[in-house]
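What follows is one structure encoded as structure tokens, with my remarks underneath.
Throughout, read-outs are computed from the coordinates displayed, never taken from laboratory work. Just so you know, these numbers come straight off a predicted model, no measurement behind them. Cβ coordinates were reconstructed from backbone atoms using ideal geometry, including for glycine residues, and neighbour counts include every protein chain displayed.
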Amino acid sequence: MTTTEQKLTGHFIGDQQHTPAGEDIIDVFSPLDGSLLGAVPAASRQTTDQAVAVAQHAFERWSVTPIKERVQVLFRFKHLLEKNIDELSNLIHRENGKTISEGRAEIEKGIEVLEFASSLPQLFEQEKLEVSSGVDCEYKRYPLGVVLSITPFNFPAMVPMWTIPIAIGCGNTFLLKPSEQVPLTSVRLGELFSKAGLPTGVYNVLHGRQQTSEMLIDHPGIRAISFVGSTAAAQSVYRRAAALGKRVLALGGAKNHLVVVPDADREITAKNVVASAMGCAGQRCMAASVLILVGDTGDMLDRIINEAKNIKVGSDLGAIISDRAKQRIEGYITRAAQRGHAVPVDGRNTTVVGKENGWYVGPTIIAGVTPSDECACDEIFGPVLSVINVSTLEEALTIENNNPYGNAASIYTTSGAVARHFSEHANAGMVGVNIGVPVPREPFSFGGWNQSRFGAGDITGMDGIRFWTKLKKITTKWSATASKNWMS
């Protein structure tokens, strides 16, 4: 038996792993040192049909299970996540490359959504009102059926947890298609769900590449789809699913701007800007990508440069997901240098002692950038911060609002008036004031604007409930003696 076969992790279908014969095998490598972590099979059409059929069968009972009973599973699952958080953090560290503390943080953020979903019995819209003499109208929410989430490599636990608790809490059964680069955490979540008492077939995982995703999107048994990934892929998924008449929400990429005005607190701002740009090795859709310095900000850039230089790669900053991604990121830095831009912090050719075969890019700052430079326009998805200097806040807002994305924008200031003006005029779905990663805390929902989102609504919060359910309106009249009107 080969090393790969010994480490083969199967699809998670109906409460157990399946490794069908004849399916292509995808090797899974650790970005930390390039070592082989294991392998997964790529789902065939037959396996896809089997997984959907299992989920459809489970839906028959799960959908009519009282919601208060459904959320009891979520309570138990939360306890198991907390109990096993060290193991899960290490697993994320190995397969994604981020630091263990970052792995822990994404599980904790996922638990926030889980806590929100545990309150579903109090959050479901079941309003009833007497709308006319003897006539009642009421709302009732119903699950959709078998639903699908296609998730990216950068958050193996958190992004799936944006959707799983709300979707299954609402009574749907679930198929998860994780990135083939980080498939192991998804299966471990399935094992913990089983231990929490989730009925067989409610949660399922299918491995594979783009072909598997497309088979699932096209499958007539899938009722709704969420997707998180690049803008190009999100737009493609949205068009494909919408053409089939399916409910779909696809979150795409970003180019987030941090704006610093002269009155900003120097020390807090410098630390926060660097943490936003370099955290998770810049591989997150909420990372700072462009820094806009407004007017005379004094030694702010020098402070930011010094903060970036103090980051230790391998301990403070994790790995890049693949060698291909590393080469792409370094290409942007090289081209910026060739065009005459200063690179006071250069993360190219970074290695970590003892992990020389790992894929690392160190903190990078590119100065003197113009709004039209590729490093100021493209989503680099690495620890690279491009710096633009402007004279006024309005110039900064123009740059932010002209970019095609709309995930996040932040301002650093001690002025309430400036903060309010920026918050009201920034063309982004999530805005921060002195916060470089303005991810809302539950129950406030996550979602961007423009080309950062295709479809209606956000992915968490109350919008998550609305996305994973359908609304029925019931009008009832019982009184035969009620006075007649147009509803009689």
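Couple of notes before you dig in:
- Note on the stretch 256-433: Cα Rg divided by 2.2 N^0.38 Å, N the number of residues, gives 0.99.
- Taking amide hydrogens as placed 1.01 Å from N in the peptide plane, the amide H of Val248 sits under 5 Å from those of Ile225, each at least 5 positions away in sequence or on another chain.
- A Förster radius of 41 Å combined with the Cβ-Cβ distance from Gln56 to Asp86 puts the calculated FRET efficiency at roughly 0.70.
- For a label point 7 Å along the Cα-to-beta-carbon line of Ala342, residues of the stretch 368-402 with backbone N under 18 Å: 368-371, 376, 385-391
- Using the Cβ-Cβ distance between Asp299 and Asn402 with R0 set to 35 Å, the FRET efficiency works out to roughly 0.75.
- Where GluC sites (Glu not before Pro) fall in DSSP loop in the stretch 77-127, at most 16 other Cβ within 10 Å: Glu125, Glu127
- Here is the list for the stretch 374-473: trypsin sites (Lys or Arg not before Pro) lying in DSSP coil, each with at most 15 other C-beta atoms within 10 angstrom of its C-beta, are Arg441.
- Part-to-part distance (alpha-carbon centres) for the stretch 296-327 and the stretch 65-101, which is given in Å: 30
- With the simple model of a label 7 Å out from the Cα in the direction of the Cβ, Ser372 to Tyr142 spans 5.6 nm.
- With the Kirkwood sum run over all distinct C-alpha pairs, the chain has a hydrodynamic radius of 23.8 Å.
- Approximating the spin labels as points 7 Å out from Cα along Cα→Cβ, the Lys7-to-Arg239 distance works out to 3.8 nm.
- The label-point distance for Asp316 and Asp24, in a model that sets each label 7 Å from Cα toward Cβ, rounds to 4.1 nm.
- For Asp263 and Gln72, the FRET efficiency from 1/(1 + (r/R0)^6), where r spans their Cβ atoms and R0 equals 41 Å, is about 0.20.
- In this structure, the residue pairs whose Cα-Cα separation is over 21 Å, taken from Lys109/Lys312; Lys128/Lys477; Lys177/Lys355; Lys271/Lys309; Lys246/Lys470, are Lys109/Lys312; Lys177/Lys355.
- In a simple Cβ point-charge model (Lys, Arg +1; Asp, Glu -1; nothing else charged), the stretch 297-419 has a dipole of about 440 debye relative to its Cα centre.
- Among the chymotrypsin sites (Phe, Trp or Tyr not before Pro) found in the stretch 62-169, not one is both in a DSSP coil and sparsely packed, with 10 or fewer other Cβ atoms within 10 Å of its Cβ.
- Chain lengthening between His79 and Ser133 when straightened (0.36 nm per residue, less Cα-Cα): 14.6 nm
- Charges were assigned to the Cβ only: +1 to each Lys and Arg, -1 to each Asp and Glu. The resulting dipole of the chain about its Cα centre is roughly 1420 debye.
- Less than 5 angstrom separates the built amide H of Val146 from those of Thr173, Arg223, all sequence-distant by 5 or more or on a different chain.
- Charge-dipole axis of the stretch 256-433 as Lys and Arg at +1 and Asp and Glu at -1 on Cβ define it, positive-most pick from Gly279, Asn256, Asn306: Gly279
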